[in-house]
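The values are calculated or read from the model by the stated rules, or taken from the named source; none is laboratory data. Just so you know, these numbers come straight off a predicted model, no measurement behind them. Please note: Cβ atoms are built from the backbone with ideal geometry, for glycine as well, and neighbour counts cover all protein chains shown. The area values use the complete protein model at the heavy-atom level, side chains included, leaving out ligands, DNA and RNA. Shrake-Rupley method; radii C 1.70, N 1.55, O 1.52, S 1.80 Å.
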Amino acid sequence: MANSNQTDQNPFNQNTSEQQNSQQNNPFNDSNANNQPQQSGNGNGSSMKPWLFGCGGCLIIFIILAVILGACAAGPIKDQIDDFTNNKTEEASTEEETTEENSTEEESTEEETTEEATTEEKSTEEDDNDSSIVNRNTSVGSPISVFGTKVTVEKAEFVEPTSKYSKPTKDKILKVSYKLENINNSSLIVGDTNFGITADGSRVSKFYGMDDTNDGFSFSLKPGQSDTGYAYYDVPEADQYDVYLQLRSSDKRYKMKWEIEENDIK
């Protein structure tokens, strides 16, 4: 009667007592008994399904998370790639602009040098064909006299800058000393701005960075008077420097030149 009652109370109890014992020892039977309408065999195949479903669900969740993380990481990586590409593009653009600027500056310098050389050549040709122009050439220490004016380039020397904050833009500072005498019957006005300097044929500028209150001169000489003065020039290294002075009369133009050789410079 006891077995009959147990059988009546358990609607799934269709197996033998040996099968019942086997089912009681299976840890998955509790969940299977509630979810399966009928057990067949020893119950192992049915008990594996929840485990497979659990593993499959975990795998699907892992794949979804991997996709989400990959999508999130793709944004910053793309931004970094874009930034890197933009930086490279900007660097290349800057290099091209610098190259273009340097090329433009070089072309401009070459054009200016060519124009100066062409102008000097034309000027020389015009001087040779112009009978009103009188050329007088000499060396350092020798005077040239025209229009009652006696002019001498007494000496030339390289000097050092007086301040470390004021240096020549080319290479050297050339100091040229002059002597002027009025041997005419009228007054004479002349200054350092009347003179010009060339280095290997190219014009150079005065150097104003010397701490020297006597730099430059402007003379107003009466008949029989004389005076001396000097000026500084910003010059490059050259084989020869020339000093020029021009004086005009009503019908003549005198072009004077003093050649300064390397051994003339003190």
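Collect the residues in the stretch 247-266 that are touching a residue at least 12 places away in the same chain (Cβ under 8 Å), out of contact with any Ser or Thr (no Cβ under 9 Å at 6 or more places or on another chain) and farther than 17 Å from Phe158 by Cβ, keeping them in residue-number order. Walk me through it before giving the result.
Filtering the stretch 247-266 for residues touching a residue at least 12 places away in the same chain (Cβ under 8 Å) gives 247, 249, 251-262, 264-266.
Pick out the ones that are also out of contact with any Ser or Thr (no Cβ under 9 Å at 6 or more places or on another chain) and you get 249, 254-255, 262, 265-266.
Once the filter is applied, which keeps residues that are touching a residue at least 12 places away in the same chain (Cβ under 8 Å), out of contact with any Ser or Thr (no Cβ under 9 Å at 6 or more places or on another chain) and farther than 17 Å from Phe158 by Cβ, the stretch 247-266 yields Ser249, Tyr254, Lys255.
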Within the stretch 182-194, the residues that are over 18 Å from Gln246 (Cβ atoms) and of a type in the set (A, V, I, L, M) are Ile183
Log entry, pairs with first residue in the stretch 195-208 being closer than 20 Å to Leu247 by Cα, second being surrounded by 13 or more Cβ atoms within 10 Å (Cβ to Cβ) and of a type in the set (D, E, K, R), beta carbons closer than 6 Å, six or more apart or on different chains, reads Thr198/Asp242
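Quick check on my filter: what residues within the stretch 235-251 are closer than 30 Å to Lys167 by Cβ and assigned to a strand (DSSP E or B)? So that I can check it myself, show each step before the final result.
We begin by selecting, within the stretch 235-251, every residue closer than 30 Å to Lys167 by Cβ; these are 235-245.
Listed by number, the residues that qualify are Val235, Gln240, Tyr241, Asp242, Val243, Tyr244, Leu245.
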The residue that is farthest from Ser139 (Cα to Cα), considering only those in the stretch 182-202 that are open to solvent by less than 50 Å² (accessible area, probe 1.4 Å) and aliphatic (A, V, I, L, M), is Leu188
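Do you know which residues across the stretch 157-194 are touching a residue at least 40 places away in the same chain (Cβ under 8 Å), hydroxyl-bearing (Ser, Thr, Tyr) and not in a strand (DSSP E or B)? Steps first, answer last, please.
As a first pass, look at the stretch 157-194 and keep what is touching a residue at least 40 places away in the same chain (Cβ under 8 Å): 157-159, 161-163, 166-183, 188, 190, 194.
Filter once more, keeping what is hydroxyl-bearing (Ser, Thr, Tyr): 162-163, 166, 169, 177-178.
The answer is Thr162, Thr169.
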Residues of the stretch 161-178 being at pLDDT 95 or above and loosely packed, with under 15 Cβ neighbours inside 10 Å, in sequence order, are none
Just one listed residue, out of Glu121, Glu95, Glu154, Glu106, is at pLDDT 55 or above, open to solvent by 100 Å² or more (accessible area, probe 1.4 Å) and either acidic (Asp, Glu) or in a loop (DSSP other than H, G, I, E, B) (or both), and it is Glu95
